[in-house]
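The values are calculated or read from the model by the stated rules, or taken from the named source; none is laboratory data. In this text the structure is predicted, and so the values were computed from the model without any measurement. Counting neighbours? That spans all protein chains shown, and the Cβs are built from the backbone with ideal geometry, glycine included.
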Amino acid sequence: MEKVLLLGVLIIAVITDIRSNRIPNWLTFPAMIMGLGFNYISAGAYGLLFGIEGLLLGGVLFIILYALGGMGAGDVKLMGAVGSMLGPQMVLWAALYTAVIGGIYALAVIAFHPRTKATRTALQETIKGFVYSKSLKYNKPNNVENPPKLCYGVAIAIGTIVTVILKSG
């Protein structure tokens with residue numbers, strides 16, 4: 001039952017993130033409470049502690065990226081909700097898979113999005129300079145365009161689903 005709820009939360013998070021570039025509190029906070037509730041019902045106080053540990057670990061792992069400006073607060077709360085349902089070990093795996101998928105997603109956006117042409121050109125010049133001169137000097141892009149927003153909720157959803165598929169027994 002909790003896996004179905006988690007899937008529903010992830011689907012709604014992806015839809016709202018793509019549509020509005022936000023993952024709303026009306027989704028994440030109830031998901032956290034339900035995750036803690038499911039764990040409490042299934043294992044009592046130990047289950048509640050398990051859910052709290054997952055919630056905190058999921059949040060702490062992503063709050064660092066939020067503080068650096070790499071993601072929004074909704075992403076942090078969504079990973080906390082994932083942790084409240086899956087617990088600390090599974091949320092660690094989910095964060096790892098999410099980071100890998102998020103990195104691939106970010107590279108794909110840089111490679112293919114029309115508003116990242118100046119960034120692509122600067123990166124190509126940096127790589128050429130390194131190959132030919134063996135010194136690494138970053139060439140800042142001229143005319144930096146308004147960069148596209150990454151919907152990191154998509155990466156969180158995929159990373160979490162991969163975790164559940166690979167790590168659930």
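Brief remarks on what is shown
Yes/no matrix, rows are residues, columns are (1) assigned to a helix (DSSP H, G or I); (2) surrounded by 14 or more Cβ atoms within 10 Å (Cβ to Cβ); (3) of a type in the set (D, E, K, R); (4) touching a helix residue (DSSP H, G or I) at 6+ places or on another chain (Cβ under 8 Å):
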site	(1), (2), (3), (4)
L55	yes, yes, no, yes
M71	no, yes, no, yes
A94	yes, yes, no, yes
T98	yes, yes, no, yes
I101	yes, yes, no, yes
Y105	yes, yes, no, yes
V109	yes, yes, no, yes
K117	yes, no, yes, no
S135	no, no, no, yes
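- Residue list for segment 119-133, filter: polar (S, T, N, Q), surrounded by 11 or more Cβ atoms within 10 Å (Cβ to Cβ) and over 30 Å from I18 (Cβ atoms): T126
- Candidates G51, G69, filtered to the one that is in the same structural domain as L10 (by TED's automatic domain parsing), at positive phi and among the small types (G, A, S): G69
- Within segment 47-68, tally of residues that are closer than 12 Å to A94 by Cβ and at pLDDT 95 or above: 3
- Output for segment 1-46, where each listed residue is in contact with a Gly (Cβ under 9 Å, 6 or more places away or on another chain) and at positive phi: N21
- Subset of segment 21-50 (residues that are within 15 Å of T160 (Cβ to Cβ) and among the small types (G, A, S)): A31, G35
- Test set (1) part of a helix (DSSP H, G or I); (2) more than 12 Å from A157 (Cα to Cα) - D17 fails condition number: (2)
- Test: K140 is assigned to a loop (DSSP other than H, G, I, E, B) and either surrounded by fewer than 14 Cβ atoms within 10 Å (Cβ to Cβ) or out of contact with any helix residue (DSSP H, G or I) (no Cβ under 7 Å at 6 or more places or on another chain) (or both): yes
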